[in-house]
Amino acid sequence: MFFEETGFADRMQGVSGSAIRAIFNLLSQPGMISFAGGMPAASALEPDVVADISQAVLRADGVRILQYGATEGWPALKQAAPAFLKNAGVEASPTQILPTSGSMQAVDLLLRALINPGDVVLVENPTFLGSLQAMRLVQADIRPVDTDDEGIIPEALEEAIIKYRPKAAYLIPTFQNPTGITLTLPRRKAVAELAAKHRVVVIEDDPYRDLCYSGEKLPAIKSFDDSGYVVYLTSFSKVISPGLRVGALVADDPLMAKCIIVKQAADTHSSSLPQAIVAEYLNRGILPSHIDSICASYRAQLEAMLGKLAAFPEGVRYTRPRGGLFVWVWLPRGIDGTELLQRAIERKVAFVPGASFYCDGSGVNTMRLNFSNASLDIIERGMDTLREVVQEAVVKNR
Ligand SMILES: Cc1ncc(COP(=O)(O)O)c(C=O)c1O
């Protein structure tokens, strides 16, 4: 067939759809318990609050909201964002902030502005599979850097920078997706120094920072950056609503100017209504109490999941995150996460096999578990079933 043989661009070769999107199709089966996506709890979404804010902003500024807007973003959001970013230690003026359609678009804009086919991008291994997909679509040469339970190892990062001369390093330093691991303070400083020293763009993707359940919130890598080589990405998906699709990119010119050009070609500008809603949400000062309330629930859900993991068979290891939405599990060697998913789905439990988060085909014996989108009793029931499925796989594997 024409399209199969010659019709698609080279960049589509070997780029598959997201594993998570494929699993989403299974989740509609009745009775399915999902530890798969990274979705906020239904109870964390506030349709009534958003309806009220929508009405207010449309009444106040409806014609402007419904008209074409500036690629640079909705002014009220650019004005409100600096105070929000300050919580992460990020100092930014409105001109350094580009609202995007989720932080996913910010990743894509940066990659398209920076990467030629074959340019190296360094990543934690595993890392967010949506960003891996975007990297593959610009034909980046994706190289893993060693990490441990304190995040990326600065010495390994410097070694990889010297060896591969990358254009960019993509990091999720806080409550990482998929592992939940957080980069320590000294390492954050070290990464900012390496970005400046070697003139490598560090893309700091930080959508989970406010979902902190214990311990202190650490300042962003960007807060230690004087060179402009660290670009900061934030998102309102996990704390207000993923459906609104509002995130932001913080960068300086000339990179910012290039991202604006790419965004013009991509979507002219992000929809004004969601941007205006998020701006008003921030201006009403209701975000801190909302974050406190969702964190209280997510903390209990995380604890319930960790409590159940403690009873998993010997040889199963897992992270104990202080925040975010995920627990990462290493299964005993020889157990394949994708095969395990088939067994789990038969028993009506879903998760994401870990392999798709690795850039190099490793991680077959891993899985990512989300705890935010299931109630405590469902977590307990689902984890009991998953333990049985893992136990059966362990016995078979002997
Ligand atoms: C690390 C990371 N970056 C970006 C995104 C995309 O988020 P958004 O909804 O803001 O596009 C996600 C979503 O799961 C994520 O985990």
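Values as computed for the structure displayed
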read-out: Flag if TYR298 is closer than 22 Å to LEU218 by Cα and in contact (Cβ under 8 Å) with a residue 40 or more places away in the chain; value: yes
read-out: Residues of region 64-122 that turn out to be among the basic types (Lys, Arg) and either within 16 Å of the ligand (Cβ to nearest atom) or over 21 Å from TYR281 (Cβ atoms) (or both), as a count; value: 1
read-out: Test result for ILE277, within 16 Å of the ligand (Cβ to nearest atom), modelled with pLDDT of 95 or more and more than 21 Å from the chain's Cα centre (by Cα); value: yes
read-out: Residues of region 323-340 classified as part of a helix (DSSP H, G or I) and open to solvent by 10 Å² or more (accessible area, probe 1.4 Å), total; value: 2
read-out: Subset of region 219-234 (residues that are within 16 Å of the ligand (Cβ to nearest atom) and either in a loop (DSSP other than H, G, I, E, B) or surrounded by fewer than 24 Cβ atoms within 10 Å (Cβ to Cβ) (or both)); value: ALA220
read-out: Selection status of ARG245, within 16 Å of the ligand (Cβ to nearest atom) and open to solvent by 50 Å² or more (accessible area, probe 1.4 Å); value: yes
read-out: Where ALA113 falls short, out of the listed (1) in contact (Cβ under 8 Å) with a residue 24 or more places away in the chain; (2) among the aliphatic types (A, V, I, L, M); (3) farther than 21 Å from ASP225 by Cα; (4) in a helix (DSSP H, G or I); value: (3)
read-out: Residue in region 31-38 that is of a type outside the set (A, V, I, L, M, F, W, C), within 18 Å of PHE236 (Cβ to Cβ), under 27 Å from the mean Cα position of the chain (by Cα) and crowded, with 16+ Cβ neighbours inside 10 Å present; value: yes
read-out: Among the candidates SER356, SER362, SER372, residue that is surrounded by fewer than 16 Cβ atoms within 10 Å (Cβ to Cβ), of a type in the set (Ser, Thr, Tyr) and touching a residue at least 40 places away in the same chain (Cβ under 8 Å); value: SER362
read-out: The lone exception for LEU58 - which of (1) outside any helix (DSSP H, G or I); (2) open to solvent by less than 90 Å² (accessible area, probe 1.4 Å); (3) at pLDDT 75 or above it fails; value: (1)
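The values are calculated or read from the model by the stated rules, or taken from the named source; none is laboratory data. None of the values given here were measured: they were computed from a predicted structure. Please note: Cβ atoms are built from the backbone with ideal geometry, for glycine as well, and neighbour counts cover all protein chains shown. We work out accessible area using only protein heavy atoms, side chains counted, and drop any ligands, DNA or RNA first. Shrake-Rupley method; radii C 1.70, N 1.55, O 1.52, S 1.80 Å.
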